[in-house]
Amino acid sequence: MKSFYTVMFLLSLASAAFAREESILARVTSYWAGQGPKYASTGRRLCAGHCAVDPKRIPYGSKVVFPDRACTAVDTGPAVVSRKAARLCGRTASQLKAIVVDRFFETKREAMAWTNTHPHFMTVQIVRPGSHSEPPEP
């Protein structure tokens, strides 16, 4: 009987190890260099391919996979944590409850071009650090 519990315990640990990615509805906003500090709240210098998240929902170092590339979660901010953008423009219950991901761009032109050609809400994949299926760096 003891071996049965041991096996069940090990299986529960294994399933937790592989459950490190999820798809989630996000309200995606953008920000760019010159709009604020050049360094993320984690101390890293911001560059294209970074994004701001609520670290209680998406741990720093996670990959947020968009249709065009994967970004690394390195920053946060009060509007991201409070989900302000989702609460202001969401129309459905799922949109009103969506997380906010603020994607960083080097220039305002790049940020506005991306924002104008993509929907405000999209399903993104979150790949947590240490996952076996981390996407390659762009």
Take the stretch 48-64 and flag every residue that is under 15 Å from Leu25 (Cα atoms) and surrounded by fewer than 21 Cβ atoms within 10 Å (Cβ to Cβ).
-> Asp54, Arg57
Which residues, taken from the stretch 27-47, are among the small types (Gly, Ala, Ser), under 15 Å from Thr107 (Cα atoms) and surrounded by fewer than 16 Cβ atoms within 10 Å (Cβ to Cβ)?
-> Gly34, Gly36
Having 1 or more residues that are surrounded by fewer than 18 Cβ atoms within 10 Å (Cβ to Cβ) and under 17 Å from the mean Cα position of the chain (by Cα) is the bar; report the strands (runs of 3 or more DSSP E) wholly within the stretch 65-127 that clear it.
-> 121-127
Between a first residue in the stretch 21-38 that is farther than 15 Å from Pro78 by Cα and among the aromatic types (Phe, Trp, Tyr) and a second residue that is surrounded by 11 or more Cβ atoms within 10 Å (Cβ to Cβ) and modelled with pLDDT of 90 or more, which pairs have beta carbons less than 8 Å apart while being 6 or more apart in sequence or on different chains?
-> Trp32/Phe104; Trp32/Phe105; Trp32/Glu106; Trp32/Thr107; Trp32/Lys108; Trp32/Glu110; Trp32/Ala111
Has the stretch 38-49 got at least one residue that is over 19 Å from the mean Cα position of the chain (by Cα), at pLDDT below 95 and assigned to a loop (DSSP other than H, G, I, E, B)?
-> yes
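The values are calculated or read from the model by the stated rules, or taken from the named source; none is laboratory data. For clarity, every value in this text was computed on a predicted model and none was experimentally measured. Ideal geometry is used to build each Cβ from the backbone, glycine not excepted, and the neighbour counts take in all protein chains shown.
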